[in-house]
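The structure appears right after this line, and notes come after that.
The values are calculated or read from the model by the stated rules, or taken from the named source; none is laboratory data. For clarity, every value in this text was computed on a predicted model and none was experimentally measured. As a convention, Cβ positions derive from the backbone with ideal geometry for all residues, glycine included, and neighbour counts pool all protein chains shown. The protein model used for the area step is the full one, side chains on, heavy atoms only, and it has no ligands, DNA or RNA in it. Shrake-Rupley method; radii C 1.70, N 1.55, O 1.52, S 1.80 Å.
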Amino acid sequence: NKWHSVMTSTDTSSLGGGGTSSRTDSSNTSSTQPVTTPEQLASCLKSLRAVRGAASQFFSSLAQQGDGKENNFNNNSAGQLRKKDGSNNTEAIMQMLLDELMKSVKALQVEVVALSPVTGSSTQSNLDLLSLDPATDKQQLHLQLRQCYIWIDKVFNYSSMSHQVIGHSHLNRSQMPNQFSVSKRRRTPTTSYNVNVPQQQVDSLIQSINNQFQDMTLTLSRPMGVNAIVQVTLGRVLRGVMTLRGLLIEAVVIRGFSEGNMDTHGKVELFKPSQLAVFQRVTDNASAAMLHFCSPYLADLSIRSFFTWLHSFSNLFSEPCTKCGSTVSNNSPPTWREFRTLLPYHQHCRP
């Protein structure tokens with residue numbers, strides 16, 4: 001009870017005086033508003049450490065007094081007082097420690113009041129606060145993030161403008177008629193017009209192409225039922241086999257004139273490639289031409305165009321290359337024919 005009354009009276013008087021000085025200093029600083037310096041911050045931290053040390057010393061001594069242990073005072077003032085009195089006056093020493101604590105608290109209050117207060121709310125964003133990071137490896141992060149945000153804003157603006165421009169002009173890259181426009185979600189299967197055709201239509205088309213070229217012979221057969229197989233003999237230059245599905249060419253194999261199109265069992269060989277490198281290249285080019293001339297809505301024209309392109313190989317070993325003027329280059333004749341002009345080129349000379 002005695003210690004409680006001493007601490008209460010001392011604390012009340014000290015805090016009261018400190019509060020008055022604090023209000024006075026606050027009124028003075030609010031009018032002047034000085035700028036806080038690093039020296040003031042360092043002094044304030046030093047006063048805070050002194051308060052923590054004095055409080056730790058006081059409460060540890062108070063705990064030892066309550067446990068009935070002998071006090072080991074490390075405070076210089078308390079040691080001098082005990083040496084002067086020649087006795088262990090615990091009450092006087094505790095009063096001195098309390099005075100030292102309150103003195104440190106007042107000094108801390110003075111230091112805190114001397115700091116300039118933060119007026120108003122901070123207008124800096126999180127990105128701006130990132131630029132204040134003292135770490136050297138993060139100093140460039142602020143600039144990089146700002147550039148990234150600017151770039152994203154530009155991309156968003158350009159994409160919005162592009163969407164508005166493209167939205168007014170519908171680009172139709174399809175050969176379908178208007179009733180099958182691209183804007184419709186469901187399209188009619190494009191192969192149904194060329195696959196499900198009468199056999200007489202396919203036979204008449206192959207026969208008309210056969211009559212168109214005198215030195216190219218077309219032989220049509222159906223060993224697998226509905227789908228037709230067309231065997232081609234172009235003079236004494238090459239032979240070929242085309243697999244038709246309705247009016248669409250599905251596969252092409254070109255072989256030499258001496259190789260033939262039949263296997264050992266007398267059946268048409270559909271997939272075996274040629275053993276000659278020249279005709280292997282011609283097969284590759286014929287497959288590319290098959291895809292180039294393919295038109296689902298102009299099937300008759302696509303088949304005629306393909307056989308017209310294939311007929312240009314009648315002078316495979318005699319006509320020179322259009323670019324280099326040589327008949328043979330790299331041990332090969334001109335195995336490429338331009339799709340529009342049908343001009344011969346070597347593989348490495350083609351445009």
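A few notes on this one:
- Candidate residues Leu244, Leu342, Leu270: accessible-area rank, largest first, probe 1.4 Å: Leu342, Leu270, Leu244
- Straightening the chain between Thr37 and Gln201 buys 49.2 nm, computed as 0.36 nm per residue apart minus the Cα-Cα spacing.
- Each residue of segment 93-102 was assigned a 3J(HN,Hα) from its phi angle through the Karplus curve 6.51 cos²θ - 1.76 cosθ + 1.60 (θ = phi - 60°); the sequence is 5, 5, 5, 5, 5, 5, 4, 4, 5, 5 Hz, with glycine and proline shown as x.
- For the pair Met161 and Gln140, label points projected 7 Å from Cα toward Cβ lie 3.1 nm apart.
- The modelled label-to-label distance between Met224 and Glu259, using points 7 Å beyond Cα along the C-beta direction, is 1.9 nm.
- The figure for Thr90 is an accessible area of roughly 30 square angstrom, using a 1.4 Å probe on the protein chains alone.
- Protection proxy ranking of 57-64, 104-111 - average other beta-carbon atoms within 10 Å, highest first: 104-111, 57-64
- Karplus (6.51, -1.76, 1.60) ³J(HN,Hα), θ = phi - 60°, over segment 288-296, in Hz, Gly and Pro reported as x: 5, 5, 4, 6, 5, 8, 5, 9, x
- Of Ser318, Ser221, the residue with the largest accessible area leads and the full order is Ser318, Ser221 (1.4 Å probe).
- Accessible area of Met262 in the full protein assembly, 1.4 Å probe (Å², nearest 10): 100 Å²
- Approximate spin-label separation Gln275-Ile150, in nm, with each point projected 7 Å along Cα-to-Cβ: 7.1 nm
- Asp153 accessible area, 1.4 Å probe, all protein chains in place, Å² to nearest 10: 90 Å²
- Built amide H within the under 5 Å cut-off of Leu247, gap 5+: Val195
- Coupling constants for segment 41-56 follow from the phi torsions by the Karplus curve (6.51 cos²θ - 1.76 cosθ + 1.60, θ = phi - 60°), and in residue order they are 5, 5, 5, 5, 5, 5, 5, 5, 5, 5, 5, 5, x, 5, 5, 4 Hz; glycine and proline get x.
- Evaluated at q = 0.10, 0.13, 0.15 Å⁻¹, a Debye calculation over the C-alpha positions of segment 267-351 (equal weights, vacuum) places log10 I(q)/I(0) at -0.27, -0.44, -0.58.
- Relative to the current alpha-carbon distance between Leu291 and Arg245, full extension at 0.36 nm per residue lengthens the span by 15.1 nm.
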